[in-house]
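A.B. asks: Okay, here's the structure, questions in a sec.
The values are calculated or read from the model by the stated rules, or taken from the named source; none is laboratory data. In this text the structure is predicted, and so the values were computed from the model without any measurement. FYI the Cβ positions are ideal-geometry reconstructions off the backbone, even for glycines, and counts take in every protein chain you see. The area values use the complete protein model at the heavy-atom level, side chains included, leaving out ligands, DNA and RNA. Shrake-Rupley method; radii C 1.70, N 1.55, O 1.52, S 1.80 Å.
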Amino acid sequence: MKNILLLFGLAVVLLIGLTTYRNSKKEKPLVVILMGAPGAGKGTHSSELSKTLNIPHISTGDLCRENIKNETPLGKAAKELMDKGELVPDNIVVEMLFNHIHDKGYDLTGYILDGFPRTLIQAKALDQRLDKDYKKIALNLNIDEEKLIDRITGRLICTSCQTPFHKTNLPPKVEGKCDKCASDLYQRDDDTKEVLKNRLEAYNKDTKALIDYYQDSKVLKDIDSNGSKEIVLENLLKNINQKKS
Ligand code: AMP
């Protein structure tokens, strides 16, 4: 009887040890935060990274526009501010994003965040949600201001798959139609020179604190986004892979 109890105890200890070992080896989901002014390339690079890393891309700007289109209470609260190029209040964006992540089951896969966080309050809300169970990297796309104006005012976006084009630098094969899905292209209401001024002001106002925050927590990498799409993407992937290993 004594031996059976001893064997049973040994088996339990072994099982606990094995489970703990397996859990410690399990790869933590990766959360990539893409930061940068409007037009710095967050959307374009997020879609490419999403394909390469096989994790979803979430744009809070797209979520806001979707809520506006569907006339949800959150969308109604966001519309006027977005049209002026101002930031949507933190509680609204955080609720929209966290609901989306939960509904889609993205907590398990990890994700790429495009346009979030934009304030310190949002960054802290995200950290609270992630805790220690994730690998996190913040990539800050730096670009000259003249380039931003040109990119934003010439930008065209697919109404269906959100693929971005540019009137002169990256024109669609058929005018006004998406190369990927043939849906109509449109110019965003806030992609004008006048509204861009406000958007840049809003961005610059809150960015310094965010950069300091991520620098202090040693997760920030600065990326020069003036070069070609391919070079910037390569640089982004290099930094992400270093974080993963
Ligand atoms: P974007 O598509 O990232 O350029 O965002 C378009 C607009 O959506 C911004 O100018 C804001 O009005 C709103 N928005 C998107 N993400 C956020 C965010 N994280 N915090 C506050 N407002 C946001």
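A.B. asks: What is the distance in Å between the Cα centroid of the range 22-84 and that of the range 110-167?
C.D. replies: If you average the Cα positions of each part, the centres end up 6 Å apart.
A.B. asks: Here is a follow-up. Tell me the carbon and sulfur percent of the accessible area for the chain, rounded to whole percent, probe radius 1.4 Å. Could the numbers behind the result be given before it?
C.D. replies: Numbers: 7930 of 14420 Å².
C and S atoms contribute 55 percent here.
A.B. asks: Which entries in the list 197/221; 76/180; 197/218; 51/205; 51/208; 147/197 go over 22 Å, if you measure between the two C-alpha atoms of each? Walk me through the numbers before you get to the answer.
C.D. replies: Values: 197/221 26 Å; 76/180 31 Å; 197/218 31 Å; 51/205 32 Å; 51/208 30 Å; 147/197 14 Å.
Beyond 22 Å between Cα atoms: 197/221; 76/180; 197/218; 51/205; 51/208.
A.B. asks: Can you give the longest stretch of the chain with no exposed loop site, where a site means GluC sites (Glu not before Pro) in a DSSP loop (not H, G, I, E or B) with at most 12 other C-beta atoms within 10 Å?
C.D. replies: On the way: sites that count: 27, 71, 175.
The segment 72-174 is the longest one with no such site.
A.B. asks: What accessible area per residue, rounded to a whole number of Å², is obtained for the chain using a probe radius of 1.4 Å? Walk me through the intermediate numbers first.
C.D. replies: Values: 14420 Å² over 245 residues.
Roughly 59 Å² per residue, with all protein chains present.
A.B. asks: If I take every Cα pair under 8 Å that is 6 or more residues apart in the chain, average their sequence separation and divide by the length, what percent do I get for the relative contact order? Intermediate results must be reported in sequence, preceding the final value.
C.D. replies: On the way: 316 pairs, mean separation 64.9, N = 245.
Here the relative contact order equals 26 percent.
A.B. asks: From the phi of every residue in the range 61-67, what ³J(HN,Hα) in whole Hz does the Karplus formula 6.51 cos²θ - 1.76 cosθ + 1.60 yield, where θ is phi - 60° and glycine or proline is x?
C.D. replies: Rounded to whole hertz, the list is x, 5, 4, 4, 5, 5, 5.
A.B. asks: Here's a follow-up. Under a straight-distance cross-link criterion of Cα-Cα below 13 Å, which aspartates and glutamates are reachable from residue 229, leaving out those fewer than 8 residues away in the same chain?
C.D. replies: 48
A.B. asks: Right, next: Give me the percent of DSSP beta bridges within the chain that run antiparallel, rounded to the nearest 5.
C.D. replies: Here the antiparallel bridges make up roughly 25 percent for the chain.
A.B. asks: Specify whether the C-alpha gyration tensor of the range 38-113 places it in the rounded, prolate or oblate class, a ≥ b ≥ c being the square roots of the eigenvalues: rounded for a/c under 1.5, otherwise prolate if a/b is larger than b/c and oblate if not.
C.D. replies: Numbers: a/c = 2.46, a/b = 1.43, b/c = 1.71.
Oblate, because a/c is 1.5 or more while a/b does not exceed b/c.
A.B. asks: Next question. Specify the residue with the greatest mean-square fluctuation among 174, 12, 195, computed from a Gaussian network of the chain linking alpha-carbon atoms under 10 Å apart.
C.D. replies: 12
A.B. asks: Taking the chain as the reference, fit the longest principal axis to its C-alpha atoms, fit the long axis of helix 90-104 to the helix C-alpha atoms, and give the angle between the two in degrees, 0 to 90, nearest 10.
C.D. replies: Taking the Cα atoms of the chain, the angle to 90-104 is about 60 degrees.
A.B. asks: Under 19 Å Cα to Cα from residue 69, which lysines show up? Leave out anything in the same chain fewer than 8 places away.
C.D. replies: Once the sequence-local lysines are set aside, what remains near residue 69 is 79, 84.
A.B. asks: When we measure straight from the Cα of residue 104, which aspartates and glutamates land under 19 angstrom away, once same-chain ones fewer than 8 places off are left out?
C.D. replies: Once the sequence-local aspartates and glutamates are set aside, what remains near residue 104 is 62, 66, 95, 114, 133.
A.B. asks: Further question on the same structure: Taking the chain, how much of its Cα-Cα pair set, in percent, is spaced more than 32 angstrom apart? Intermediate results must be reported in sequence, preceding the final value.
C.D. replies: Working: 7876 of 29890 pairs.
Tail of the P(r) past 32 Å holds 26 percent of the pairs.
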